[in-house]
Structures are given as C-alpha cells and as structure tokens.
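Worksheet: one structure, shown below.
Nothing in this text is a laboratory measurement; each read-out follows from the coordinates by a stated rule. As the structure is a prediction and not an experimental result, all values here were calculated from the model. Because the Cβ atoms are built from the backbone with ideal geometry, glycine has one as well, and the counts that use them run over all protein chains shown.
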2 protein chains.
Amino acid sequence: MQDVRRAAVIGLGSMGWGAALSLLRVGFAVAGCDVRAEILQRFEEAGGKVCTTPAKAVEAADAVFIFVVNSSQAEDVLFGENGAANAASAGTVFLLCTTMAPSATISIAERLEAAGMLVVDAPVSGGHLKALSGEMTVMGSGSEAAFAKAQAALDAVSAKVFRLGDRPGPGSQVKMINQLLAGVHIAATAEAMTLAAKTGIDLQTLYDVLRVSAGSSWMFENRGEHIVQGDYTPRSAVNIFVKDLGIVTSEAGRSGAVTPLAATALGLFKEASEAGLGLEDDAAVAKVLAKKSGAVLPGMEGQT
Amino acid sequence: MQDVRRAAVIGLGSMGWGAALSLLRVGFAVAGCDVRAEILQRFEEAGGKVCTTPAKAVEAADAVFIFVVNSSQAEDVLFGENGAANAASAGTVFLLCTTMAPSATISIAERLEAAGMLVVDAPVSGGHLKALSGEMTVMGSGSEAAFAKAQAALDAVSAKVFRLGDRPGPGSQVKMINQLLAGVHIAATAEAMTLAAKTGIDLQTLYDVLRVSAGSSWMFENRGEHIVQGDYTPRSAVNIFVKDLGIVTSEAGRSGAVTPLAATALGLFKEASEAGLGLEDDAAVAKVLAKKSGAVLPGMEGQT
C-alpha cells in the first residue's frame, strides 16, 4: 500500500477547509483551490500551496478531495476548462466528498474511471468542528484499490470511515438519507422553539430539558443552541438544505418513494432562502416559522 | 418533610406499570387500578394491592399517580363515579403524568386544588424501559408543598425531575413540545427507512451509520431498530401519537403558531390508525409510507 503524502483539496469551504488543515497537520503537502482570493490567502498563511485552477492543484497530488458545493460545480472542476481530470496522473484517487444525487455521483465516477482514475464516493458528516479536528465521518464506497490509495489521506481527515460498497453510489445514497433526517430535524427544532416562544416557555429551559429527553436529536442539540442564542452565523447555510432536500425529494420521486416530511421541510428552507436568509445558518429557518406565527425569537427584530 | 410510603397508581399501562413496580421495589405499599383484569392479576402477583375503582385505590394513599391515556380518562378517574378526588384525604398529592393539553392540565389541577389536594403537573419521558427501571424523566411543575409531599414517590420512579414552574401548566407545555419533536422524528425515521428500502440500501447498515451521524435522533436510535427488525410489538402505540400530535396542532392553532411538520406527521399517524395499525408500535407508521412508496420493509407482507 502506497503511503500517499501529497493531496489536493478543491473547494475550501466549511468542510474542505477543515480537511485541508487536517492534512497539513499530519504532514501532507496540500495544494488548495478555491474561487475566493481571501480564502486562498488564509490557506497560504496556514502552510498550504495555493492554486488558482483545479488542473494546477492536482498536478503533484496522489489523492484529490472534491469539496465543492454541488454536482454542477463538481463536473466543472473535474471536466471543465482547466479541470482536474485531464491534469491528474493515471491512478490518482479522487474522493468525491460533495453531497450529490447518487445518480450524479455514479455518472461522475464513471467518467473519472474511464480517464484512468480511482474513485471513492466519500460524502462526509460531522460539521465544521469535526472537519477542523480531522474527525469527520465518511460514508464511503469504492474499490479496494481506491480505498488503499486513499487510506493515509482518509486517516488524516476522519475518525470513522464506513465502507458501504465496492462501487461509487451507496456512499451518496446513505448520505442523502442522512440529509433527509438532518434537514427535517433542523426544521422540527425550529418549529418546536417557535411554539415554545409563542406559548411563553423559556427557550433555554426548554433546550436543557429536551436535549436529554426522547424528543432530542443531534440537530436539536446543535442547532437548538443557535436559536436559543439568536446566533445565525453560518456554520452550514440555509441554501445547503435547499440543495440537499431538493436531492432527496427528486431522487425519491424518481424511485417512486413518498417523502412528505422532507417535502414540508424543503418548503420551509426555500421560503427562508427566498426571504433573503439563504446564506445565514440553516437554523434561520426558525425565523420563517416565527414570522408566520407572530412569535419573536432571540436575535430577531422586535426582540425586547 | 413527610416520608410518603403509600402510593396509588391509576392506569397500569406501559409507563404506569413501570412506575408501580418501581414504587414496590423501594418498599412503597402500592394500590393499583386498571380496567383490564389480566393486568390487575399480574400486578397482584408482583406484590401490589389490586383495586377496581380509583376511589378504593386512593383511600390509603399519600401520593396518587395518574397514568391513564388522555384527559377525558383523567377527568373520569378523578371526578367521575367512584372517582379519586372525593375519596382521597385532604392534602394528598396528585401527580398528573398523562400527556394532556396544558389547558386541560390546568383545569384539572384547579378542580383538585379546590377539593383540598396538592398537585404536581408531572408528565414523563424515557420510554417503558426507563419506567421499569425507575429512571423516568419528569417534566414537573407545581408548588413547593406539592413537590415536598411527592418527593419520596418521585425519587422512586425517576432519575431526573425538572422543576419548570410553581404552578401546574409548564410541565405539560414542555412535554407537548417534546411530543412534537418525538412524533416528527418517528415519522422521519419511517420516511428515511422507506426511502432506503426503496433505493436498495441495506437497512441494518443504514441504521449503524446514521445512528452515529448528524441525522440521528433519540427516536431514530430507538424506533429505527424496530423497523430494521420488523418488530411492531407496541412499546408505545400509533394511537398515542394521534392523540399527542393532535394536542400539539390544536394548542398551536389556539395560540396562532404554525406547525407544518407536526401537522404532516399527524396526518401519517392518522392514516396508520385508520389502516388498522392504531394499537401497533408507533414505528408502524412506516408501513403506511412503505405501502404508498411500493416498498417492502421487514415484517411486512410480501417480504422475502
């Protein structure tokens, strides 16, 4: 098994940034690519090698992490002008970490494999803090050879790697279902906090009781705190769930499955986005519910 | 503070049964009342004193737990024929553990207090296993005097008692919001499992991955296992959530709050109940989603 010590990270957003820093921390040479100049500058200060095109970033990399926002960006950085696929050496392993529709993942993986690359379908979970500490969870699928080539890089960024199949696809499928639950749970947290505010329950007390009760969820614990504190600094933005729940409902529709809760939650995230909250923390979906309910949450205008 | 050692439990269902056994275990004399003869027989075998009317059960009790199914049953066992309120000695403490609309709790508490009783608004959480082990969570509110009189009995049945206010009402309000989250999370678990089954993901694998990911919830961990195993033995029944989400949407409506996810989940539990699944485990809401999706879950007809 080859010890991969040269990596590239395409897309230095919330999760990609954490992965890139985790790789640097354990001694990888890391080339980073992003469209935002200020991010590239910070990355250089952190010890990374700055590249302005995906083609440049992958020239000397054995493992390439794709952390862009959606499948259209992924296709662009891989197969567009100055894309990574043509510039990488044969046998380079590509880790597809973007949350994409499973059908998109499979199509992209096939094109990469046809170009002689190895591919791990590798969506991640855990949030930006786990990304920063190199403790993400990876919902992975791909060949033995791809996992072997990617192992050192995966070790650097993750606490746990699930092996969900020997082909790209199952990783994205499981991630999609994680996002169904996560998106519904964020919207449910927002609905619960709004009802509490409207009926005169102290939100901090509610949070303290329910986080240790049967109504709790990972998202209630995490995003509930944002709502109680009125802090909508984006850790993960409303628009991410417009995309991810959109993937859920459209893939469910293709398969004939009904997803009434995902559809309801998607409607709320869309309303939040249309109300100008798309770049705020996803917990800002609570502002939409509060406004409709005539309730005032911490951090909202009208708060006393 | 008086050391209460004589208790009554009205309603020996899933949670009341666990509370009664927990009281017996620490040395309380416990009188139990239920409409089902076979439950009373089991209770006698466990060392309890069997009573066929609430009035009989509370004659020698200092603390009375009300664990019936809904507010109409609570009114009946308290104020109906052979009801507990007239038979209890003045100063007896009543613990209202039934999940009821906060408005119903307040009205019942006022009638009990007018009759000279002490009242703790005391809905519980934790499930039947925690009830059996005397480790429920109590979302309590009531006067100092009521909590003092109830303390030994509360210690026997619970691991944690939240004190949410000095009057009945807040306990039921917080429990109502817990039920909003719990009900939505059960339905979301069912939706996620159905989508997984429909798109060819192994359910056990999905469960193992998502229970430790950001999509997890208390209910996903608990009810997800029921669905994976196809085990719909009722720990808590579909009809409980028809009732509890009904309370959520009607109290929310009264206050002007919108609860689109609770309303969507309520619709699914109602469909399950109308399909004859009302007395099955609440996870059976998954069967409704699976049927609509043309998916087959473990334990459903057509399963190979």
The range B:238-304-the range A:53-88 distance, computed between alpha-carbon centres (Å): 45 Å
Residue among B:Pro102, B:Pro260, B:Pro170 with the largest mean-square fluctuation in a Gaussian network model of chain B, springs linking Cα atoms under 10 Å: B:Pro260
The range A:28-41 - phi-based ³J(HN,Hα) in whole Hz, Karplus 6.51/-1.76/1.60, Gly and Pro as x: 5, 7, 10, 9, x, 9, 7, 7, 9, 4, 5, 5, 4, 5
Other copies of A:Asn86: label-to-label distances in nm, shortest first, labels 7 Å along the beta-carbon direction: 9.2
For chain A, built as a Gaussian network whose Cα springs stay under 10 Å, the top-fluctuating residue of A:Leu195, A:Leu78, A:Leu112: A:Leu195
Sites excluded, GluC sites (Glu not before Pro) in DSSP loops with at most 13 other C-beta within 10 Å, longest stretch of chain B: B:82-300
Computed magnitude of the charge dipole of chain B (debye, nearest 20; Cβ of K, R +1, Cβ of D, E -1): 220 debye
Neighbourhood net charge (10 Å Cβ-Cβ; Lys/Arg +1, Asp/Glu -1) for B:Ile227: -1
Other-copy label distances relative to B:Thr52, 7 angstrom Cα-Cβ extension, nm: 9.2
Computed [θ] at 222 nm, helices only, for the protein assembly as shown once each DSSP H run of length n ≥ 4 contributes -39500 (n - 2.57): -16000 deg cm²/dmol
q = 0.11, 0.13, 0.16 Å⁻¹, the range A:6-168: log10 I(q)/I(0) [Debye, one scatterer per Cα]: -0.35, -0.50, -0.78
Shielding by partners - mean other protein chain Cβ count within 10 Å, residues of A:217-227: 3
Chain B: relative contact order as a whole-number percent, Cα under 8 Å and 6+ apart: 15 percent
Unit charges on C-beta of K, R, D, E only; dipole of the range A:173-292, Debye: 280 debye
Packing-based order for B:197-207, B:148-158, using average beta carbon neighbours within 10 Å, highest first: B:148-158, B:197-207
Sorted by Cβ neighbour density within 10 Å, fewest at the top, the residues A:Phe241, B:Phe162: B:Phe162, A:Phe241
Separation between Cα centres of the range B:141-217 and the range B:1-47, rounded to whole Å: 24 Å
Nonlocal amide H pairs with B:Lys160, under 5 Å, H built at 1.01 Å: B:Val138
Closest-to-axis residue of chain B (Cβ criterion, axis taking B to A), whole Å: B:Ser217, 2
Least to most buried among A:Met117, A:Met300, A:Met219 (fewest other Cβ within 10 Å first): A:Met300, A:Met117, A:Met219
Residue-count net charge about B:Asn86 - beta-carbon cut-off 15 Å; Lys, Arg +1, Asp, Glu -1: -3
Cβ-vector label at 7 Å, B:Asp166, separations to other copies in nm: 7.0
Shielding by other protein chains, B:165-176, mean Cβ within 10 Å: 3
Cβ-based exposure ranking for B:Ser14, A:Ser213, in which fewest neighbours within 10 Å come first: B:Ser14, A:Ser213
Value in Å of the Kirkwood radius, where the protein assembly as shown supplies the Cα pairs that are averaged: 25.8 Å
Three-way shape label, the range A:124-166, alpha-carbon gyration tensor, a/c 1.5: oblate
Neighbour net charge for B:Gly32 - beta-carbon separation under 12 angstrom, K R +1, D E -1: +1
At R0 = 25 Å, FRET efficiency that the Cβ-Cβ distance of B:Val69 and B:Ser103 yields, to 0.05: 0.90
Per-residue mean of C-beta atoms belonging to partner chains within 10 Å, peptide B:204-210: 5
Considering only the range A:6-168, percent of DSSP beta bridges that pair antiparallel, nearest 5: 15 percent
